[in-house]
Amino acid sequence: MQAHEIDYQIFGEEMQYVEIELDPQEIVIAEAGSFMMMDNNIQMQTIFGDGSKQQSGIFDKLLSAGKRVLTGESMFMTAFINQHHGKGKVSFASPYPGKILPIDLTEFQGKFICQKSSFLCAAKGVSVGIEFSKKIGRGLFGGEGFIMQKIEGDGMAFVHSGGTLAKKELKAGEILKVDTGCIVGFTKDVDYDIEFIGGIKNSVFGGEGLFYATLRGPGTVYVQSLPFSRLADRIIASAPRAGGESRGEGSILGGLGNLLDGDNRF
């Protein structure tokens, strides 16, 4: 194997974290901000790019880092190495409520395509790059733009999703229609496109947008029930307005109702 072979265990239900067990000199790479805790014998190092080509030249390193910038991520990642003669553990947490999905790339022919910003951590040697959309319609209206993340290699990788995670196995020619924001990822043989919802009432009054994603098999598709963008929209809609009033304060009781509910702000 090119990638380090790591053991892991996932804890929790809706607020999950993954614990990685490293043998001596094994390394796991992680997205900045995902670190939770580690044993004393684990050392942390900041690396340029994803660390899969640490022995390559400066141009390859710049190219790897530049690809990460296009997906909205930092040029740097964090590597955790076990420098002790015994086993060591390091843990990484999902940034919002949902599920952590373990991906054994050897089971997916060495490649998995996922939404931007979903990557959490992976064994050293796994490459985290970009997947360009070759279809203009998909790029403009597909929810993820022209660029998605691709994870390549022969090791373990972990991505996170929002809410509950659904796994769909598609047969050759079978089509699954999904909200564009609910896609977590899919295997490389799945054909991803977008389709117009159709109908004036559906488009204007349906409240589900103008397009949905179509995923054609064969392959495996993972779908999330609560995209972070949807969660953020609900939080923003419920946030206090100018003047301190929050949405839903137009009841008869008004501020008195909030006080009875335990809200002691004045």
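With 28 Å as the limit, write out which pairs from K89/K188; K89/K150; K99/K150 have Cα-Cα distances beyond it, or answer none. Could you put the intermediate results ahead of the total?
Numbers: K89/K188 31 Å; K89/K150 26 Å; K99/K150 19 Å.
Beyond 28 Å: K89/K188.
So how far apart, in nm, are the two label points at E174 and K116 if each is 7 Å from Cα heading toward Cβ?
3.1
Rounded to the nearest 0.05, what FRET efficiency do M75 and I10 have when you use their Cβ-Cβ distance and R0 = 35 Å?
0.80
Give, as a single signed number, the net charge of other residues whose beta carbon lies under 12 Å from the beta carbon of H84, with Lys and Arg counted +1 and Asp and Glu -1.
Net charge in that neighbourhood comes out at -1.
How many nm is it between the label spots at R241 and A166, if each spot is 7 Å from the Cα in line with the beta carbon?
According to this spin-label approximation, the distance is 3.5 nm.
Separation of segment 148-191 and segment 1-28 by C-alpha centroid, Å?
Measuring centre to centre over Cα atoms gives 21 Å.
Return the carbon/sulfur percentage of the accessible area of segment 153-197, one whole number, probe 1.4 Å, all protein chains in place.
Summing carbon and sulfur atoms, their accessible area is 49 percent of the total for segment 153-197.
The values are calculated or read from the model by the stated rules, or taken from the named source; none is laboratory data. All figures in this text were calculated on a predicted structure; none of them were measured in a lab. Here the Cβ is made from the backbone with ideal geometry for all residues, glycine too, and neighbour counts use every protein chain on show. Ligands, DNA and RNA are excluded from the accessible area calculation, which covers all protein heavy atoms including side chains. Shrake-Rupley method; radii C 1.70, N 1.55, O 1.52, S 1.80 Å.
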